[in-house]
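Read the structure below first, then the notes.
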Amino acid sequence: MSARNPGTTLDLEWISKVRVNTHAVLKRAQHVQAQKIPKKQWQAAWLLKAVTCIDLTTLAGDDTPSNVHRLCLKAIQPVRHDLLRAVDMHDKGITTAAVCVYPSRVADAVKSLREANSSLAVASVATGFPAGQTPLETRLQEVRVAVADGATEIDIVINRMLALTGQWEAMYEEIRQFRAACGDAHMKTILAIGELGTFTNVYKASLVAMMAGSDFIKTSTGKESVNATYPVAIVMARAIRDYFLCSGHKVGFKPAGGIRTAQESLVWLALIKEELGKDWLCPTLFRLGASSLLADIERQIYHHVTGQYAAYHELPMA
């Protein structure tokens, strides 16, 4: 991960002046989606780049130590070894960026990775995920427990009520407390964009989260009716760029929720390259939150190598 974002003071004047041109954002998003995607070996290379940026995630009510263990093994070896050998990438140490689980499953993930002699990061959602509607002290304690159990990345959720009612100072103070509770762990702040109402609110919430010390801003929990979309990504990316130009600090971006196909991952990479530049095309500044995306990427790599599509049972989780 990048160096921890120290944050800045809350600039209410900047926030109050924010206005987002919806028509321009939607037009830009159409342009991004209409671009041609790379083919053949170039596509395979970009897909492997996408794999290295995935936070391989399981956030289900029926999560158990055994399925978390399988998730960890898949994260360590995300693409079959014979397929990587065929494209001469078998010795490049390709893994996903992290595994992401509930706080109660962090210890399971840490144990599985340690036993496999892997230094892969463990991320945990926290702060009353996904709604963020539990008392503040409960949310803070959840962060502390996840960190104590070995999580090195924490995906927090904001209190959407504060954003919707324009209580930016209160939101800033809450996130600062989460930042302190994270300690040395990196903090990704989930905006739950599907519940913020407007692009202007999304931009303002992005700024507040970054000013409060977030290392990443993330679109969604994956549990809302609207999750990662290209227009919202453009708004958040512009906020990241503006914050960088103002503060000199690079904050990462993580779209999450509903990203399932290899082709979508290529569009996301292209969007980030165009909006933020090549520096952001790495796991320290870009993540894809996904649970099923990896399966489709591996199928596309299989097709590139063999000329045929594999059945899903030929490319199991682990």
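The values are calculated or read from the model by the stated rules, or taken from the named source; none is laboratory data. What you are looking at is a predicted structure, and each value in this text was computed from that prediction instead of being measured. Note that each Cβ is placed from the backbone with ideal geometry, even for glycine, and that neighbours are counted across all protein chains shown. We work out accessible area using only protein heavy atoms, side chains counted, and drop any ligands, DNA or RNA first. Shrake-Rupley method; radii C 1.70, N 1.55, O 1.52, S 1.80 Å.
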Given the candidates Y230, V208, A75, the one whose Cα lies deepest towards the positive end of the charge dipole of the chain, counting +1 at each Lys or Arg C-beta and -1 at each Asp or Glu C-beta, is Y230
From the cross-link list K111/K223; K27/K49; K49/K92; K36/K204; K36/K92, the entries with a Cα-Cα span beyond 22 Å are K111/K223; K27/K49; K36/K204; K36/K92
Contact order normalised by residue count of the chain, Cα under 8 Å, 6+ apart, percent: 22 percent
How far is helix 230-247 tilted, in degrees, relative to the longest principal axis of the Cα atoms in the chain, given as a value from 0 to 90 rounded to the nearest 10? 60 degrees
Once the dipole of segment 39-165 is set up with Lys and Arg at +1 and Asp and Glu at -1 on Cβ about the Cα centre, which of A98, T127, V87 lies farthest towards its positive end? V87
Helix 199-211 sits at what angle to the longest principal axis of the chain, using alpha carbons and giving 0 to 90 degrees rounded to 10? 90 degrees
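Summarise the accessible area of the chain (1.4 Å probe, protein heavy atoms) by the percent that is carbon and sulfur.
Values: 7110 of 13550 Å².
Here carbon and sulfur together make up 52 percent of the probe-accessible area.
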About its Cα centre, what dipole magnitude does segment 111-221 give when the only charges are +1 on Lys and Arg Cβ and -1 on Asp and Glu Cβ, stated in debye to the nearest 20? 120 debye
Nearest 20 debye, what's the magnitude of the dipole of the chain about its Cα centre given +1 on Lys and Arg Cβ and -1 on Asp and Glu Cβ? 820 debye
Segment 164-318, relative contact order in percent, only Cα pairs under 8 angstrom and at least six apart counted: 18 percent
Mean ellipticity per residue at 222 nm, deg cm²/dmol - from DSSP H runs of n ≥ 4 across the chain, formula -39500 (n - 2.57): -14500 deg cm²/dmol
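Would you mind getting the Kirkwood hydrodynamic radius of segment 235-289 from its Cα pairs, rounded to one decimal in Å?
It works out to 11.6 Å.
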Accessible area per residue in Å² at 1.4 Å probe, computed on the chain: 43 Å²
Note on the chain: alpha-carbon gyration tensor, axes a ≥ b ≥ c; rule is a/c under 1.5 for rounded, else prolate if a/b larger than b/c, else oblate; result oblate
